[in-house]
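The values are calculated or read from the model by the stated rules, or taken from the named source; none is laboratory data. Keep in mind that what you see is a predicted model, and the values were worked out from it rather than measured. Please note: Cβ atoms are built from the backbone with ideal geometry, for glycine as well, and neighbour counts cover all protein chains shown. For accessibility, only protein heavy atoms count, side chains too; no ligands or nucleic acids. Shrake-Rupley method; radii C 1.70, N 1.55, O 1.52, S 1.80 Å.
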Amino acid sequence: MNKFILYPAIDMRNGKCVRLMQGDYEQETIYGDSPFDMAKQFADQGAEWIHMVDLDGAKDGKKINHEHVLRVAKELSAKVQIGGGIRSMEDVSYYLDAGVDRVILGSAAVSNPEFVREALQRYGGSRIAIGLDARDGFVATEGWLETSHIKAVDLAKRLVEEGAETFIFTDISKDGMLQGPNVEAIGELASITGKEVIASGGVSSIDDLVRLKADERNIAGAIIGKALYTNRFTLPEALGSVKSC
């Protein structure tokens, strides 16, 4: 079985740590003024990885909160993955050459498949993750503002042929709702692709994490956001629980 990794999330907008509800930019809650301070707190609590998202970048199609990401990557021991606004090989290289461990390509997988293919060929599937954000099973793009006609599972199968090894799957209907993740859809993607699938969206309890880890289809990890920020549980509690189960 794969190692099950927890990824505490830092979503950045206007230089602050925020959470959106179902990706709605009008439903924003600010949880901190410093992404670095939040990342340091997670790293000090034992996080192996930190998941960062440039929400401004996702919406505008260019990197905006990148300086915060590089500072975390350079000054903290935790590994960093970043998504949002990465639309060119120049953007990919900017992050990976500066010490970020993994970049997440989402919208580009639909709008610019040639770019994604080139990124996978150049850096490999361990450093390029594919973010599959689904609304009713179909891939959403442009900061979730658009929904494509491509099924997430079909896109994943195509990308595996291009060298993809890591997928981050978000069911948008679950994101920020604290109603539990869509374990069935996440497990199905892991089973069909045979690759690492990280669950994103909806984790509300330790039980959700235990259920994801225990799933027979080998889910590789989970991104935790709102549950941490609203004190449903602490990161040390979560890390201890998945380690012991």
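For segment 19-58, what are the residues that are open to solvent by 70 Å² or more (accessible area, probe 1.4 Å) and more than 16 Å from the chain's Cα centre (by Cα)?
Passing the criteria: E26, Q27, I30, D33, D37, K40, Q41, D44.
Select from segment 97-119 the residues that are open to solvent by less than 10 Å² (accessible area, probe 1.4 Å) and part of a helix (DSSP H, G or I) and list them in ascending order.
A108, A109, V116, A119
Which of the residues spanning segment 41-56 are assigned to a helix (DSSP H, G or I) and either in contact with a Pro (Cβ under 9 Å, 6 or more places away or on another chain) or under 20 Å from A238 (Cα atoms) (or both)?
The answer is Q41, F42, A43, D44.
What's the number of the only condition in (1) out of contact with any Cys (no Cβ under 6 Å at 6 or more places or on another chain); (2) more than 27 Å from A214 (Cα to Cα); (3) outside any strand (DSSP E or B) that M38 fails to meet?
Against the list (1) out of contact with any Cys (no Cβ under 6 Å at 6 or more places or on another chain); (2) more than 27 Å from A214 (Cα to Cα); (3) outside any strand (DSSP E or B), M38 comes up short only on (1).
Among (1) touching a Lys or Arg at 6+ places or on another chain (Cβ under 6 Å); (2) open to solvent by less than 10 Å² (accessible area, probe 1.4 Å); (3) at positive phi; (4) not aromatic (F, W, Y), there is one condition I172 misses while meeting the rest; what is its number?
Condition not satisfied by I172: (3).
Could you list all residues from segment 121-130 that are in contact with a Leu (Cβ under 8 Å, 6 or more places away or on another chain) and open to solvent by 10 Å² or more (accessible area, probe 1.4 Å)? Steps first, please.
Let us first name the residues in segment 121-130 that are in contact with a Leu (Cβ under 8 Å, 6 or more places away or on another chain), namely 123, 127-130.
Of everything in segment 121-130, those that are in contact with a Leu (Cβ under 8 Å, 6 or more places away or on another chain) and open to solvent by 10 Å² or more (accessible area, probe 1.4 Å) turn out to be Y123, R127.
Return the total of residues in segment 7-18 being in contact (Cβ under 8 Å) with a residue 24 or more places away in the chain and either out of contact with any strand residue (DSSP E or B) (no Cβ under 7 Å at 6 or more places or on another chain) or open to solvent by 10 Å² or more (accessible area, probe 1.4 Å) (or both).
Going through segment 7-18 one residue at a time, the tally reaches 4.
Quickly run through segment 74-87 and pick out the residues that are at pLDDT 95 or above and open to solvent by 20 Å² or more (accessible area, probe 1.4 Å).
Residues satisfying the conditions are K74, E75, L76, S77, K79.
Does any residue in segment 224-245 that is open to solvent by 80 Å² or more (accessible area, probe 1.4 Å) come within less than 7 Å, Cβ to Cβ, of a residue that is of a type in the set (S, T, N, Q) six or more places away or on a different chain, and which pairs are these?
R232/S204; R232/S205
Name the residue that is farthest from I128 (Cα to Cα), counting only residues in segment 186-200 that are open to solvent by 10 Å² or more (accessible area, probe 1.4 Å) and in contact with a helix residue (DSSP H, G or I) (Cβ under 8 Å, 6 or more places away or on another chain).
Taking the candidates together, the pick is E188.
Could you tell me how many of the residues in segment 149-169 are open to solvent by 20 Å² or more (accessible area, probe 1.4 Å) and under 29 Å from Q27 (Cα atoms)?
So the answer is 4.
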